[in-house]
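Read the structure below first, then the notes.
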Amino acid sequence: MEAIWVILGGVVLIGLVLVVIYNRLVALRQQCNQAFADIDVQLRQRRDLIPNLVETVKGYAAHEKSTLDAVISARNAAASANGVAEKAQAESLLGASLGRLFALAEAYPDLKANTNFLKLQEELSNVEDKLSAARRFYNSATADYNAAVEQFPAVLFAGGFGFSNREFFDLGDEVREALNEPVAVKF
């Protein structure tokens with residue numbers, strides 16, 4: 001009879017450990033989901049500012065159509081991206097094209113002094129700061145989640161519960177190189 005109580009106690013203890021592990025992994029996964037949703041909100045705000053910015057620049061630099069078209073194309077690609085890696089790459093390319101747009105603005109003193117342009121540029125800068133913070137938070141939450149999935153004893157059960165490692169919001173080597181290229185302004 002004593003052996004039955006010991007076995008029953010062991011089963012209950014293992015069940016409690018499984019519940020604790022499962023609940024911790026669920027909480028960490030939800031934290032990752034929330035962090036990615038925060039990134040999505042900032043990305044949406046950035047994409048919403050871009051058409052206004054492009055329209056403002058168009059009035060001053062109508063002959064720079066290829067740069068403006070590249071920004072709009074990058075914005076549309078970013079809006080249709082799915083998944084962490086695809087969104088990271090598309091948004092990074094959008095950031096690079098925005099850098100070219102701002103470099104273009106340097107060549108037009110009237111544009112640089114335009115109140116609407118300055119306001120949009122400031123709003124975009126604020127969104128970029130928030131986006132950077134959201135990316136750091138997401139990557140931190142992802143690191144915590146991935147570590148929890150791989151730690152013992154969770155690693156024994158995580159796969160069976162449907163938990164697997166998540167991707168970090170990473171720019172990728174190709175995008176980093178594109179961001180580091182100097183912008184050429186031609187007249």
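Nothing in this text is a laboratory measurement; each read-out follows from the coordinates by a stated rule. All of these numbers come straight from a predicted model, not from anything done at the bench.
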Hand me the tally of lysine pairs in the chain: alpha carbons under 29 angstrom apart, and the pair either on different chains or 8 or more positions apart. 15
For the chain, place one equal point scatterer on every Cα, skip the solvent, and apply the Debye formula. What is log10 of I(q)/I(0) at q = 0.13, 0.14, 0.18 Å⁻¹? -0.75, -0.82, -1.13
Could you tell me the largest-minus-smallest coordinate of the C-alpha atoms of the range 72-116 on each of the three principal axes, in descending order and whole angstroms? 40, 16, 14
From the phi of every residue in the range 23-36, what ³J(HN,Hα) in whole Hz does the Karplus formula 6.51 cos²θ - 1.76 cosθ + 1.60 yield, where θ is phi - 60° and glycine or proline is x? 4, 5, 5, 5, 4, 5, 5, 5, 5, 5, 4, 5, 4, 5
What Kirkwood hydrodynamic radius, in Å, does the range 15-112 give when the mean of 1/r is taken over all pairs of distinct Cα atoms and then inverted? 15.6 Å
